[in-house]
Amino acid sequence: MKVTFYEIQDCYYELIDNKPAIIAPAPTDKELLSKYHFIQLLDGRWVHYMNEFEFSYMKHNSNRKTVLFIFPIENHQMTVQQRKKNIALIILLIIYFLITAYFFWLVNSCVNDCENDINNFPNSCQESQE
Amino acid sequence: MNIHINTDHGAISPYKIFLLLALAAGTAVILRLCIKRGIPAKKALLLAVILQPMCIFCAAVFTFITSGGKNIGIASIGAAAGVYLSALIISRIWNRPGEQRIILQNCTFAMPLMYGIAKTGCFTAGCCHGIEYNGVLCVEYSGKLTGDICVFPVQLLESAVFIAIFIAGMIFLKKHDIHSVHKVTILSAAAKFTLEFLRKSHSHKALSIEQAVCLAITIVCLIDMKKKQKRSSVQELA
């Protein structure tokens, strides 16, 4: 079964690591591959792992010789859940940066205290000096 | 022919310069590979931004934990954990199937380069120095950090070996070798395991924590590689 994935013709379907994927033919324009979210595997092939919508569309049309993907790609809206996940991750990143900044301040304090021989940091500084 | 190094540096420490250089080089390689292999540019850039602080943070946490809360320093295993943690976090943002694996693979390819450059920094600072040695190319350290010692240039050897592993990894990738990631990981773990014996800090120890981690990684990698080979031969028969 051949697949025409939007502007990329002569693609074919394959199961890669148990995930349904569309493989682009060898000499395909890199801009097109980037536009339709193809990624390059270690073996050099450019693949697009199908989402649920694309896979069910493929299954529905599996009796055809060539499956055409022609609907606008912008219709694949990010789900509300995915958006919430992204926000949660970004908040986590901000918290992480704040903790890292505190950690750096802690390290610098330790180094300065050790150099000036000031006894206002827990045992770690004194022990490392000894 | 000996190498003389004074570890009492001025305002600008060569160690910090090499460390930053290692992070910059690694970030550049990961960024380039990600964009080349189809990861969206904004995702790759976000990874580049988070990589450096995450490396330093995890490296510091690792030494804090392994020293029992006594010291905070920089450890390569911790930094490696930081790189992978950044990759995992970023790949969950704007998640598309398959991208996480690509990003993790690219991080693996860049690691030997980062380690190789960082080891040159260790060489200038006198830390992680080798066993006592008086032969050719022995390194004569002086200064407050090390005192006057003559040791084996293990950091230089590590630097050369790991940069060679990085180049080999790029060649495997260019040749579309499906086991390239496994090969780079096994070579890096084996090199780290072996060269650890030439380090002064390894004296009076059967196996260090880093060596145990390297051994575990090598075993896991070999098993995974065998599984992958078996899977691809079954698919070929089908």
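The values are calculated or read from the model by the stated rules, or taken from the named source; none is laboratory data. For clarity, every value in this text was computed on a predicted model and none was experimentally measured. Cβ placement follows ideal geometry from the backbone for every residue including glycine, while neighbour counts extend to all protein chains displayed.
A few comments on the model shown:
- Among (1) within 14 Å of another protein chain (Cβ to nearest Cβ); (2) within 15 Å of the chain's Cα centre (by Cα) - the single one B:Gly121 does not satisfy: (1)
- The condition (being under 19 Å from B:Thr120 (Cα atoms) and either touching a residue at least 40 places away in the same chain (Cβ under 8 Å) or within 14 Å of chain A (Cβ to nearest Cβ) (or both)) is satisfied by just one residue among B:Lys183, B:Lys144, B:Lys175, B:Lys200: B:Lys200.
- Of the residues making up region B:79-95, one or more are buried (at least 21 other Cβ atoms within 10 Å of the Cβ), among the hydroxyl-bearing types (Ser, Thr, Tyr) and touching a residue at least 12 places away in the same chain (Cβ under 8 Å).
- Residue within region B:138-161 that is surrounded by 14 or more Cβ atoms within 10 Å (Cβ to Cβ), farther than 22 Å from B:Ser13 by Cβ and touching a Pro at 6+ places or on another chain (Cβ under 8 Å) present: yes
- Boolean, B:Lys192 is surrounded by 19 or more Cβ atoms within 10 Å (Cβ to Cβ), part of a helix (DSSP H, G or I) and among the charged types (D, E, K, R): yes
Okay, residues lined up against (1) among the hydrophobic types (A, V, I, L, M, F, W, C); (2) within 24 Å of B:Lys192 (Cα to Cα); (3) out of contact with any Gly (no Cβ under 9 Å at 6 or more places or on another chain); (4) modelled with pLDDT under 90:
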{"position": "B:Lys70", "(1), (2), (3), (4)": "no, no, yes, yes"}
{"position": "B:Ser76", "(1), (2), (3), (4)": "no, yes, yes, yes"}
{"position": "B:Pro97", "(1), (2), (3), (4)": "no, no, yes, yes"}
{"position": "B:Val139", "(1), (2), (3), (4)": "yes, yes, no, yes"}
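- Here B:Gly116 clears all of (1) surrounded by fewer than 18 Cβ atoms within 10 Å (Cβ to Cβ); (2) assigned to a helix (DSSP H, G or I) except the condition numbered (1).
- Here B:Gly38 meets the list (1) within 11 Å of chain A (Cβ to nearest Cβ); (2) surrounded by fewer than 21 Cβ atoms within 10 Å (Cβ to Cβ); (3) not acidic (Asp, Glu) almost entirely, failing just condition (2).
- For B:Ala28, the conditions (1) modelled with pLDDT under 85; (2) away from chain A (no Cβ under 13 Å) are fulfilled apart from (1).
- Here B:Gly69 clears all of (1) within 19 Å of A:Thr100 (Cα to Cα); (2) buried (at least 16 other Cβ atoms within 10 Å of the Cβ) except the condition numbered (2).
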